[in-house]
Amino acid sequence: MQGPKLTPTSYIVLGLLSWTGEATPYRLKEMVAGSVGHFWSLQHAQLYTEPERLARGGYLTEHREERGRRRKRYRITDKGRQALRDWRAEPTDVLSELRDLALLKLFFGADPRALAGVQLQAHRRRLAQYERLRNEMPDDVPEGPRLALEAGIRQARAWIRFWADLER
């Protein structure tokens, strides 16, 4: 039996558990918010259902606490580690998806200057947040998160240039 089809959410769960060793769905939700949630959107409910699905497929183990809140704790298995290694090793030509409400409004005729001021503020806040994350990042953070954060910083700067041009 091969197991469930793995999705990007599957790999997020596997990747985070490969770093932390063990986590509850609530902890996974917190980790997503502070990391991949900056560039990959997913419904939080998926972080409760996906670990169960992966455990049924043998990619994770599930342990329920015997006392207290009886939370479920998940750990990655050798099968999960291998699936994550295989996925990371496979290059992709899939481009990023863009869902931008301001661009949608712009497309349908909204006033560019009216949008620009608000968008500039939002993108400047995002850039400041990303730069703060970079400046406070511990030295032991792996290269992957550092590179993803750098991509976010460069993207925020590009959006700032775009909206600044429209504001003029």
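The values are calculated or read from the model by the stated rules, or taken from the named source; none is laboratory data. Every value quoted in this text rests on a predicted model; they were computed, and no experiment measured them. So basically every Cβ, Gly included, is an ideal-geometry build from the backbone, and we count neighbours across all protein chains shown.
Laid out as a table, the results:
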quantity	calculated
Subset of segment 15-40 that is in a loop (DSSP other than H, G, I, E, B) and touching a residue at least 12 places away in the same chain (Cβ under 8 Å) - its residue that is nearest to Gln82 (Cα to Cα)	Gly21
Flag if Leu42 is at pLDDT below 95, surrounded by 15 or more Cβ atoms within 10 Å (Cβ to Cβ) and of a type outside the set (Phe, Trp, Tyr)	yes
Gly58 surrounded by 14 or more Cβ atoms within 10 Å (Cβ to Cβ), in contact with a helix residue (DSSP H, G or I) (Cβ under 7 Å, 6 or more places away or on another chain), modelled with pLDDT of 95 or more and on the phi > 0 side of the Ramachandran plot	yes
Index of the failed condition, Leu127 passing every other in (1) touching a Gly at 6+ places or on another chain (Cβ under 9 Å); (2) not in a helix (DSSP H, G or I)	(2)
Check on Ala122, closer than 30 Å to Val13 by Cβ, in the same structural domain as Phe39 (by TED's automatic domain parsing), part of a helix (DSSP H, G or I) and more than 17 Å from the chain's Cα centre (by Cα)	no
Subset of segment 130-154 (residues that are over 22 Å from Ile12 (Cα atoms) and part of a helix (DSSP H, G or I))	Glu131, Arg132, Asn135, Glu136, Arg154
Set Ala83, Ala102, Ala116: member being modelled with pLDDT of 95 or more, in contact with an Asp or Glu (Cβ under 7 Å, 6 or more places away or on another chain) and in a helix (DSSP H, G or I)	Ala116
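This table checks each residue for (1) buried (at least 19 other Cβ atoms within 10 Å of the Cβ); (2) touching a Gly at 6+ places or on another chain (Cβ under 9 Å).
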| residue | (1), (2) |
| --- | --- |
| Pro8 | no, no |
| Leu14 | yes, yes |
| Trp19 | no, no |
| His38 | no, yes |
| Tyr48 | no, no |
